[in-house]
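So the structure is just underneath, and the comments pick up after that.
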Amino acid sequence: MKYIMKSGNLFLDDTMSVRIKSTFVGSEKKIFAANGELLIRTGIYHLEAPPNEKDNVRYRQYVMLDGIGKECAIAKPDYAEGDDPAVVGWPICRMPRVDHAQLFIGRKEYLLTMKNSQTYFLSEKNGKVVVQILHRGLCGGWDIDAADDFVPEIICGIFVFCRYIEQENEFTVV
C-alpha cells in the first residue's frame, strides 16, 4: 500500500486514514482514527540503568500502546556500527549516533533502520523490506510504502519510532 504522510496525517488515495497528535511536553504521541477515536499512544520509556549508563540508549524503549493501554509494539534502539560507546568510548563533542532499533510487533521481530534523516526501512529477519519511509523533498511530507498486513495506525506508530531515532541524534543544547 502506498501512503502519504503530511502534517501528521496519513493519507491513502487522498483519504485521511489516521492522524498523529503530539503532547505539549514530552515524547508522547497519540494516533487517532479519522473519526477521532484514540487508536495508539507512543512514548519513550527510560529503563533503570546504572548511574554511569543513564545516557546509554540501550536503557530506553519506544513503546506503542493500543487505545485501552495494552502494549502492541516495542522498539529497542541501538548505536550505529563504529559508534558503540562500550567499544569506542563516549565522543567528546556529540552523542554516539543511533541508526537502528529492534522492533517487536506482537510476536514478529523486525529491524527499523535509519539510512539518513530522510530514509527509513523496516525489514523482516530475512532482510525483506516491508515498510519504506522516504521524505518527499521540497514539497514536504513523506511517501510510505508498506506491506498490506500493516494497518494504518501501526504504520503511523512506526513513523513515530523513526522520528524518535532521529531525536536520539540531535545535539542537546544546555
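The values are calculated or read from the model by the stated rules, or taken from the named source; none is laboratory data. All values reported here derive from a predicted model rather than from experimental measurement. Methodologically, a virtual Cβ is constructed for each residue, glycine included, from the backbone with ideal geometry; neighbour enumeration extends over all protein chains shown. In case anyone asks, the SASA skips ligands and DNA or RNA and just uses the protein heavy atoms, side chains included. Shrake-Rupley method; radii C 1.70, N 1.55, O 1.52, S 1.80 Å.
For this structure, a couple of remarks:
- Dipole magnitude (debye, nearest 20) for the chain, charges at Cβ of Lys, Arg, Asp, Glu: 220
- The distance separating the Cα centre of the stretch 121-139 from that of the stretch 48-100 comes to 21 Å.
- Taking a straight Cα-Cα cut-off under 16 Å and skipping sequence neighbours fewer than 8 places away in the same chain, the aspartates and glutamates within cross-link reach of residue 54 are 78, 84, 168.
- Label-to-label distance, nm, for residues given as residue 34 and residue 84 (7 Å Cα→Cβ offset): 4.6
- Stretchable slack from residue 97 to residue 119, in nm (0.36 nm times residue separation minus alpha-carbon distance): 6.4 nm
- What the Cα convex hull of the chain gives, in volume per residue, is 144 Å³.
- Between 96, 142, 117, the Cα set farthest toward the positive side of the dipole of the stretch 58-171 (charges on each charged residue's Cβ, about the Cα centre) is that of 96.
- In loop segments of the stretch 21-71 as defined by DSSP, the GluC sites (Glu not before Pro) with at most 11 further C-beta atoms inside 10 Å of their C-beta are 37, 48.
- Expressed as a whole percent, the accessible area of the stretch 118-174 that falls on carbon and sulfur atoms is 52 (1.4 Å probe).
- Contact order relative to length of the stretch 1-159, as percent, for alpha carbon pairs under 8 angstrom and 6 or more apart: 19
- Extension reserve of the residue 7-residue 109 stretch, reckoned as 0.36 nm per residue once the Cα distance is removed: 33.8 nm
- Net charge dipole size for the stretch 94-159 [Lys, Arg +1 and Asp, Glu -1 on Cβ; Debye, nearest 20]: 340
- Principal-axis tilt of helix 152-168 within the chain, Cα atoms, nearest 10 degrees: 30
- The residues of the stretch 60-174 present an accessible area of 55 Å² per residue when probed at 1.4 Å with all protein chains retained.
- Residues residue 49 and residue 70, FRET efficiency given R0 of 30 Å [Cβ-Cβ distance, rounded to 0.05]: 0.70
- Sparse-neighbour loop sites [trypsin sites (Lys or Arg not before Pro); the stretch 1-42; at most 16 other C-beta within 10 Å; DSSP]: none
- Rounded if a/c under 1.5, otherwise prolate or oblate - the stretch 81-151, Cα gyration tensor axes: oblate
- A full extension of the chain between residue 167 and residue 129 corresponds to an added length of 11.4 nm, given 0.36 nm per residue minus the alpha carbon distance.
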